[in-house]
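Here's the structure, in structure tokens; my notes come after.
The values are calculated or read from the model by the stated rules, or taken from the named source; none is laboratory data. This structure is a prediction, so every number in the text was calculated from the model and none was measured. Note: ideal-geometry Cβ built from the backbone for every residue, glycine included; neighbour counts use all protein chains shown.
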RNA sequence: GCUGACGUAGCUCAACUGGUAGAGCACCUGCCUUGUAAGCAGGGGGUUAGGGGUUCAAGUCCCCUCGUCAGCUCCA
């Protein structure tokens, strides 16, 4: 399989002239197939016919940063093996934010002190500017080498590598002789690259944390010690990154949720949020915003039960496929246990004390438990919606039917995965299911995408990335159905001129899906919206409608959400705006503060007036001085503070101060100020569609 | 669920190797009558997450339970 090495040359040779001019070149994008591949300077390739097809990568490019980080992971492993002899290495890739390396260390977990020592050693290695060297070895030689070094994980990995893969090693200079972890002059790792030319390209290093991680990510495997870190081409880039982390910490919705009294948690209902008045306001405003849009987009809202007979979830397939996430008050196993301990149905001839009365009582208990055993809390709305659709004969004239539901859902999530409002056990989605004929599916997808963009624009999410998740290996439904569904999704995206990425095989088992990822103010990506095409549930519930031809047809069901979980959306929104809700969402829009107690009556009058006009105003009549009141209002992130002193009382004015401009706007007539607030209170909408 | 760390007043955090639980903010009361990010004084507030153990003595050491955090895995 390997091309003969004689005609291959490294990029260092091929790009020699360019590197001479620009020493920051660390590799290139090399055309391969329809796309391209990132190659470092160490790796020989067959020279392309057209030398200009090699696009140089500099240390400052994203791919260059990736190489820097991957190289830093090697330096990390080098340092760890030097400081903690006996430590075995496993994998150490670069990630979006940095890199990590997983170790099997006889010492166990590393502490902060260890991290500091490791970091110092890494810096020492980096300062030597030692070159990375790539070497191709035969499989057996590699096997023997890592066997000798006692690197059992690497040996296992070599075994798993496909036979046609070239096995390469990367070495870089460690400290002299026996000090190196591998008892070699140079630290080496089984690695396919790419790496920077020398360790000097690593401009700044920071080890951030340690955590346990399973070998190969499988919880049945031994736990390894993962050291996380990040690195950059320069100290300035690192400083910028750390500042961003600091900012993210400041905006953490759990912190702001507490400070701004938006929500709370209690150990009596772990991972189930309590929305306090202010948080509940924002939540309800989100719902009312969606409802306004639903009017224009032709949705109808329904309300459905919380608790169901489990037969519903048998029909829908949730019990077989989703059981571990469902809240079941009583399971068959518990019922059996209860029967055993109550000894119902067991003869008690030798127990005089177990009387007929006891048996009767125990049977009553079991009857009650048996009834409980039939129940389950809904984890999704779709089954109820199928019941509604199927409740009577439907005509094609009723389709498409866009059925919205803000019903509360309960899903059991494992203890380690819950996170503030972002991952909870009790939540609500801006959920809707569109029942339509296969022929109108395309139009529905198109209309949904327009709605989705209108919603995201209202929250000023500037960038949306779309992923198309296609058929997984394990699936239901016919290939024809899948073809149809997988054709409709990209067609709608193409028409809207939206770029997307394909995620092969990541669709739901019942249909392909679109995922909509937004970028927040701190450039972090979150999946919010989703659209799933489903042929399976209509089948399982035997749904049909009478077509124009008088025959029964099976509808297609589109599962769709834009905000996703309202709780999660709230967490994203809080962090996106840093707690500074825009006026239309702010639980309190204006705080009226008095200069002295003399203006109290006027302030109260203003509060009443504005509240009557539908604004959210409050008068702060506390004994604090003006500065203190303004400070308090600013800390609570109110968009406007309306200052009233004697001058304002006399002229029926206010002196507003804007949160977003952080300045005093000067005296303003009362009506003008109310108009300003009313204008900002309307949710942002796109222009109506023409026809 | 697993690995590790953590849990002290409403919030943020102190209390050296076991030796009388504190501060700032917030809250309440009073004084000040105030002009754009903290006026002054006084006061109330704790079974140190819960339970068990070791000890003359436990916030501190050990065990269990619950919860939280960082990861792993999973996901809206």
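May I ask you to verify whether residue A:473 is modelled with pLDDT under 95 and not in a loop (DSSP other than H, G, I, E, B)?
No.
Out of the residues in the range A:126-144 that are under 24 Å from residue A:104 (Cα atoms) and in contact (Cβ under 8 Å) with a residue 40 or more places away in the chain, state the one that is farthest from the chain's Cα centre (by Cα).
Taking the candidates together, the pick is A:142.
Would you mind telling me which numbered condition in (1) at pLDDT below 95; (2) more than 11 Å from RNA strand B (Cβ to nearest atom) residue A:666 fails?
(2)
From the list A:444, A:454, A:462, which one is touching a helix residue (DSSP H, G or I) at 6+ places or on another chain (Cβ under 8 Å), touching a residue at least 24 places away in the same chain (Cβ under 8 Å) and at negative phi?
A:454
Going through A:256, A:238, A:275, A:245 one at a time, which residue ends up being more than 9 Å from RNA strand B (Cβ to nearest atom) and free of Cβ contacts under 8 Å to residues at least 12 places away in the same chain?
The conditions single out A:245.
Name the helices (runs of 4 or more DSSP H) wholly within the range A:224-316 that hold at least 3 residues that are farther than 30 Å from residue A:404 by Cα and touching a strand residue (DSSP E or B) at 6+ places or on another chain (Cβ under 9 Å)?
It comes to A:235-251.
Kindly indicate the residue of the range A:419-439 that is crowded, with 16+ Cβ neighbours inside 10 Å and within 6 Å of RNA strand B (Cβ to nearest atom) and also nearest to residue A:387 (Cα to Cα) among those meeting that condition.
A:427
Every residue, every condition in (1) over 22 Å from residue A:440 (Cβ atoms); (2) within 16 Å of RNA strand B (Cβ to nearest atom); (3) within 18 Å of the chain's Cα centre (by Cα); (4) crowded, with 18+ Cβ neighbours inside 10 Å, yes or no:
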{"residue": "A:457", "(1), (2), (3), (4)": "yes, no, no, no"}
{"residue": "A:466", "(1), (2), (3), (4)": "no, yes, yes, yes"}
{"residue": "A:487", "(1), (2), (3), (4)": "no, no, no, no"}
{"residue": "A:496", "(1), (2), (3), (4)": "no, no, no, no"}
{"residue": "A:509", "(1), (2), (3), (4)": "yes, yes, no, no"}
{"residue": "A:515", "(1), (2), (3), (4)": "yes, yes, yes, yes"}
{"residue": "A:518", "(1), (2), (3), (4)": "yes, yes, yes, yes"}
{"residue": "A:537", "(1), (2), (3), (4)": "no, yes, no, yes"}
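Given the structure, is residue A:11 crowded, with 22+ Cβ neighbours inside 10 Å and at pLDDT below 80?
Yes: the conditions hold for residue A:11.
Looking at the range A:218-235, which of the residues that are under 22 Å from the mean Cα position of the chain (by Cα) and more than 10 Å from RNA strand B (Cβ to nearest atom) is farthest from residue A:204 (Cα to Cα)?
The selected residue is A:229.
For residue A:569, are the conditions met, namely being assigned to a helix (DSSP H, G or I), within 28 Å of residue A:286 (Cβ to Cβ), modelled with pLDDT of 90 or more and within 14 Å of RNA strand B (Cβ to nearest atom)? Explain how you work it out, then say what you get.
On the way: assigned to a helix (DSSP H, G or I): yes; within 28 Å of residue A:286 (Cβ to Cβ): yes; modelled with pLDDT of 90 or more: yes; within 14 Å of RNA strand B (Cβ to nearest atom): yes.
The answer is yes for residue A:569.
Would you check which residues across the range A:633-663 are farther than 9 Å from residue A:591 by Cα and more than 9 Å from RNA strand B (Cβ to nearest atom) and list them?
Matches in the range A:633-663: A:636, A:637, A:651, A:652, A:658, A:660, A:661.
Out of the residues in the range A:470-485 that are within 15 Å of RNA strand B (Cβ to nearest atom) and closer than 19 Å to residue A:540 by Cα, which is surrounded by the fewest Cβ atoms within 10 Å (Cβ to Cβ)?
If we take residues in the range A:470-485 being within 15 Å of RNA strand B (Cβ to nearest atom) and closer than 19 Å to residue A:540 by Cα, then A:474 is surrounded by the fewest Cβ atoms within 10 Å (Cβ to Cβ).
To keep it simple, each residue is scored yes or no on (1) closer than 20 Å to residue A:425 by Cα; (2) exposed (fewer than 15 other Cβ atoms within 10 Å of the Cβ); (3) out of contact with any helix residue (DSSP H, G or I) (no Cβ under 9 Å at 6 or more places or on another chain).
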| position | (1), (2), (3) |
| --- | --- |
| A:247 | no, yes, yes |
| A:257 | yes, no, no |
| A:262 | yes, no, no |
| A:268 | yes, yes, yes |
| A:272 | yes, no, yes |
| A:275 | yes, no, no |
| A:293 | no, no, no |
| A:313 | yes, no, no |
| A:317 | no, no, no |
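Does at least one position in the range A:541-559 carry a residue that is within 14 Å of RNA strand B (Cβ to nearest atom), surrounded by 15 or more Cβ atoms within 10 Å (Cβ to Cβ) and either under 18 Å from residue A:450 (Cβ atoms) or in contact (Cβ under 8 Å) with a residue 12 or more places away in the chain (or both)?
Yes, the range A:541-559 has at least one match.
Specify which of the listed residues (A:293, A:319) is more than 15 Å from RNA strand B (Cβ to nearest atom), within 27 Å of the chain's Cα centre (by Cα) and under 22 Å from residue A:562 (Cα atoms).
Selected residue: A:293, the only one of A:293, A:319 that is more than 15 Å from RNA strand B (Cβ to nearest atom), within 27 Å of the chain's Cα centre (by Cα) and under 22 Å from residue A:562 (Cα atoms).
For residues in the range A:380-399 being crowded, with 19+ Cβ neighbours inside 10 Å and assigned to a loop (DSSP other than H, G, I, E, B), which is nearest to the chain's Cα centre (by Cα)?
A:380
Can you find, within the range A:672-690, the residue that is farthest from RNA strand B (Cβ to nearest atom) among those that are part of a loop (DSSP other than H, G, I, E, B) and closer than 13 Å to residue A:582 by Cα?
Our first condition is that a residue be part of a loop (DSSP other than H, G, I, E, B); within the range A:672-690, this holds for A:682-690.
Right, trim to closer than 13 Å to residue A:582 by Cα and you get A:682-684.
Working: A:682: 26, A:683: 21, A:684: 22 Å.
Checked the range A:672-690; the qualifying residue farthest from RNA strand B (Cβ to nearest atom) is A:682.
When you scan the range A:442-453, do you find a residue that is modelled with pLDDT of 90 or more, within 15 Å of RNA strand B (Cβ to nearest atom) and surrounded by 15 or more Cβ atoms within 10 Å (Cβ to Cβ), even just one?
There is at least one residue in the range A:442-453 that is modelled with pLDDT of 90 or more, within 15 Å of RNA strand B (Cβ to nearest atom) and surrounded by 15 or more Cβ atoms within 10 Å (Cβ to Cβ).
Can you tell me how many residues in the range A:207-238 are within 28 Å of residue A:58 (Cα to Cα) and surrounded by 13 or more Cβ atoms within 10 Å (Cβ to Cβ)?
11
Those residues that are buried (at least 16 other Cβ atoms within 10 Å of the Cβ), near RNA strand B (Cβ under 9 Å from one of its atoms) and under 23 Å from residue A:651 (Cα atoms), I need them from the range A:576-632; list them, please.
Answer for the range A:576-632, where residues must be buried (at least 16 other Cβ atoms within 10 Å of the Cβ), near RNA strand B (Cβ under 9 Å from one of its atoms) and under 23 Å from residue A:651 (Cα atoms): A:593, A:594, A:595, A:599, A:629, A:630.
Since residue A:60 meets every condition but one in (1) closer than 22 Å to residue A:204 by Cβ; (2) crowded, with 21+ Cβ neighbours inside 10 Å, which condition does it not meet?
(2)
Here are A:231, A:316: which of them is under 30 Å from residue A:542 (Cβ atoms) and modelled with pLDDT under 95?
One residue alone meets the criteria, A:316.
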